[in-house]
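The values are calculated or read from the model by the stated rules, or taken from the named source; none is laboratory data. All values derive from a computational prediction rather than experimental measurement. Because the Cβ atoms are built from the backbone with ideal geometry, glycine has one as well, and the counts that use them run over all protein chains shown. Surface accessibility is based on the protein's heavy atoms, side chains included, excluding ligands, DNA and RNA. Shrake-Rupley method; radii C 1.70, N 1.55, O 1.52, S 1.80 Å.
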Amino acid sequence: MDGTGQQGLTLMDVRRLSRTEAEAALDDLARLRIEVFHDFPYLYEGDIDYERRYLSTYMESAGSVIVGAFDGAELVGAATAAPLTEHFEEFAEPFAARGLDPASFFYFGESVLRKTYRGRGVGVRFFEDRERAARESGYSACVFSSVIRPADHPLRPVGYKPLDEFWVHRGYSRIDGHTTGFSWCDVGETDETVKPMEFWARQLPS
């Protein structure tokens, strides 16, 4: 054990999915997203129709990547990525507005893992595999976004620790003042509302 939990990976299969595998696992990925994102800070109420609409971007993107984590045949974690220009416009537009070419960036979508499988190094693998995919596709810049919630949010758990430290350790930094908005339905609500999102970026070493 090296402190990242890599030893635990011997019990799991973490790998990039083929297009056929990704399409077959679509409903499992949808359910996994609903389960994991129900918690703070995303507080996602969960809706299968929304999931199909959102995940269709990866199914339609020629450059998309889906990494799955399996315990036997069960999907227990997944991470997605795609060229920024092949994702939702809400994520590409802020780059163009700042004079940055969206075609230069590889966008990381969700990284979701069931609680009982955390601390085994799977999150590290999710980043490594997507960064490798970015290099293979000729990208040197990777970006992702995270939701912004106020420190006094009533559903913020006591002792909640954001993932900022993990992201910084992976070489990512927050792009100050660079934000967007994306809509989903919060826990306990019936209508979607726009949530503020901030961006993090990394230049991959050559």
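Quick one: among 77, 188, 121, which has the greatest mean-square fluctuation in a GNM of the chain with alpha-carbon springs under 10 angstrom? Between 77, 188, 121, it is 188 that shows the largest mean-square fluctuation. Note on the chain: GNM, Cα springs under 10 Å; of 49, 39, 164, the largest mean-square fluctuation is that of 49.
Expressed in nm to one decimal, what extension gain is obtained for the pair residue 31 and residue 60 from 0.36 nm per residue of sequence separation less their Cα-Cα distance?
Details: separation 29, 0.36 × 29 = 10.44 nm, distance 1.96 nm.
The span from residue 31 to residue 60 would gain 8.5 nm if fully extended.
Here the dipole of the stretch 36-84 is about 220 debye; that uses its Cα centre as origin and unit charges on the Cβ of Lys and Arg (positive) and Asp and Glu (negative). When 185, 142 are compared by accessible surface with a 1.4 Å probe, the order from highest to lowest is 185, 142. The calculated 222 nm mean residue ellipticity attributable to helices in the chain amounts to -8500 deg cm²/dmol, summing -39500 (n - 2.57) over DSSP H runs of n ≥ 4 and dividing by all residues.
Within the chain, what whole-number % of the accessible surface is contributed by carbon and sulfur, with the 1.4 Å probe and all protein chains included in the calculation? Before the final figure, lay out the partial values.
Values: 5360 of 10500 Å².
Accessible surface attributable to carbon and sulfur in the chain totals 51 percent.
Could you calculate the FRET efficiency of residue 194 with residue 169 from 1/(1 + (r/R0)^6), where r is the beta carbon distance between them and R0 is 35 Å, rounded to 0.05? So the FRET efficiency works out to roughly 0.70.
For residue 158, put the label point 7 Å out on the Cα→Cβ axis and report which residues of the stretch 26-44 keep their amide N under 12 Å from it. Answer for this model: none. Mean-square fluctuations from a GNM of the chain, with a 10 angstrom spring cutoff on Cα atoms, peak among 129, 186, 152 at 152.
About the centre of its Cα atoms, the stretch 98-187 shows a dipole size close to 380 debye [charges on the beta carbon of Lys, Arg (+1) and Asp, Glu (-1) only; nearest 20 debye].
How many angstrom lie between the C-alpha centres of the stretch 85-107 and the stretch 39-83? Spelled out, the Cα-based centre of one part sits 20 Å from the other. Basic side chains Lys and Arg get +1 at the Cβ, acidic Asp and Glu get -1 at the Cβ, and with that the dipole of the chain about its Cα centre reaches some 800 debye. Extension gain for residue 103 to residue 15 (0.36 nm times residue separation, less C-alpha to C-alpha distance): 29.1 nm. Probing with 1.4 Å while keeping every protein chain in the model, the per residue accessible area of the chain equals 51 Å².
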